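Following: one structure in structure tokens, then a few remarks.
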Amino acid sequence: MMGRRNRKKRGAQTFPGVAALLFVFVLALLLMLQLRRELRNSRVYSDSVEKWRPSVERCAKQEHIPLYTDCLLAIMQVESNGETDDVMQSSESLGLEPNALDSEASIAQGCAYFAMLVRSAESNYLDLQSTIQAYNFGKGYLYYVASNGGRHSRELAEQFAAEQSGGVKKQYRNPVALEANGGWRYAYGNMFYAELVNELLDMRRKEMELSIVSTLLVLLAAGESAVLAVLELLLPHSALSAQLLRLGERELKRHSVQKLVRNRGLQHGMAALLLLYGCFASSNPREFCAAVLVALLASAFYGALSLDPLMLFWQGGPAAVALTSILLTSGLPY
């Protein structure tokens, strides 16, 4: 009876810390669910655009604008959805006929042209939206913005397009135009261009936030496993180990229990190392980490059967939440 009362007392002492840990995990998971809803369960860039990411990254680095990689991919999505040879629609910036370049040449020229616009905008203290809109309107738009307040706006883009087109309008059934004016634009470029690109960039930022939260949850699960490994391998008879395992010191000294605790310590240590490898070195981080987390859940289930049912809750809980976060980010770029 005394042993049972002591175990209940240790359980009561352990539970607040366990509950706090799981509360953090669940809160992060709820944040991920909200971000996932905002993404409308779809990827930002189509597969036909995403496949060009390595080429865009390489060319952006060569042009000294590596931080604009996602902006360039968003431009490609708006320009061609990655479905034409001239994926960046950059032939005309070289004075060529439309669609005169192959995909690699189109990306190289598109990155070079955008880099030139970035430098010109920076020298005139203009905002990024002006640069993006100038990719569609041409460099002259940057001078126009510089002479009209220094910041892009829909009204300014509309005014520029009206002047360049002589006031000629054309039907444009894109949702952004339908909401703005019933579905038209001036027959010069696309005065909604920066808004279309920025919408994709906003969604991409949410994708990145989702992936970051998922990675943090996996790292927290790795951290918990590392702490458990230290306790189970190096401090198996400590008061903290007894409290976490909900066992008495006499029980911890039993050979069968020592062997079980040591084996679990090895499992937790290996899991922590594998999760770190999965996050930072694996070529397939999500799949790799998911497999390790499934193994952790199995270990927690076995511990619940062998030692105490609460283990499934506080050792398996973080792994379960981290695994759920990976499932929520499936299909998104890592």
From Leu210, Leu228, Leu217, Leu201, grab the single residue that is touching a Cys at 6+ places or on another chain (Cβ under 7 Å) and either surrounded by 20 or more Cβ atoms within 10 Å (Cβ to Cβ) or in contact (Cβ under 8 Å) with a residue 40 or more places away in the chain (or both). Leu201
Going by what's in this entry, would Arg154 be described as touching a residue at least 12 places away in the same chain (Cβ under 8 Å) and within 32 Å of the chain's Cα centre (by Cα)? yes
Tell me whether the range 137-151 contains one or more residues that are under 31 Å from the mean Cα position of the chain (by Cα) and of a type outside the set (Phe, Trp, Tyr). yes
Going by the structure shown, is Tyr188 aromatic (Phe, Trp, Tyr), modelled with pLDDT of 90 or more and either surrounded by 16 or more Cβ atoms within 10 Å (Cβ to Cβ) or not in a helix (DSSP H, G or I) (or both)? yes
Test Gln133 against the criterion of being in contact with a strand residue (DSSP E or B) (Cβ under 8 Å, 6 or more places away or on another chain), among the polar types (S, T, N, Q) and either part of a helix (DSSP H, G or I) or over 14 Å from Val197 (Cα atoms) (or both), and give yes or no. no
Can you say whether Ala115 is part of a helix (DSSP H, G or I), in contact (Cβ under 8 Å) with a residue 40 or more places away in the chain and under 30 Å from Arg53 (Cβ atoms), as far as the supplied structure shows? yes
What pairs can you find where one residue is in the range 286-300 and without any contact (Cβ under 8 Å) to a residue 24 or more places away in the chain, the other is buried (at least 18 other Cβ atoms within 10 Å of the Cβ), and their Cβ atoms are less than 6 Å apart, with a gap of 6+ or different chains? Phe288/Gly278; Val292/Ala271; Val292/Leu274; Val292/Leu275; Ala300/Met311; Ala300/Gln315; Ala300/Gly316
Qualifying residues in the range 58-76 (those that are of a type outside the set (Val, Ile, Thr) and assigned to a loop (DSSP other than H, G, I, E, B)) - the one surrounded by the fewest Cβ atoms within 10 Å (Cβ to Cβ): His64
Looking only at the range 77-97, and only at residues there that are of a type in the set (Asp, Glu) and part of a helix (DSSP H, G or I), the one that is farthest from Leu201 (Cα to Cα): Glu92
Considering only the range 31-69, how many residues are modelled with pLDDT of 95 or more and either of a type in the set (Phe, Trp, Tyr) or in contact with a helix residue (DSSP H, G or I) (Cβ under 6 Å, 6 or more places away or on another chain) (or both)? 12
Considering only the range 233-334, give the helices (runs of 4 or more DSSP H) lying wholly within it that have at least 1 residues that are aliphatic (A, V, I, L, M) and modelled with pLDDT of 85 or more. 255-280, 285-306, 316-328
So which of Gly167, Gly150 ends up being more than 14 Å from Ser130 (Cβ to Cβ) and assigned to a loop (DSSP other than H, G, I, E, B)? Gly167
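The values are calculated or read from the model by the stated rules, or taken from the named source; none is laboratory data. Keep in mind that what you see is a predicted model, and the values were worked out from it rather than measured. Note that each Cβ is placed from the backbone with ideal geometry, even for glycine, and that neighbours are counted across all protein chains shown.
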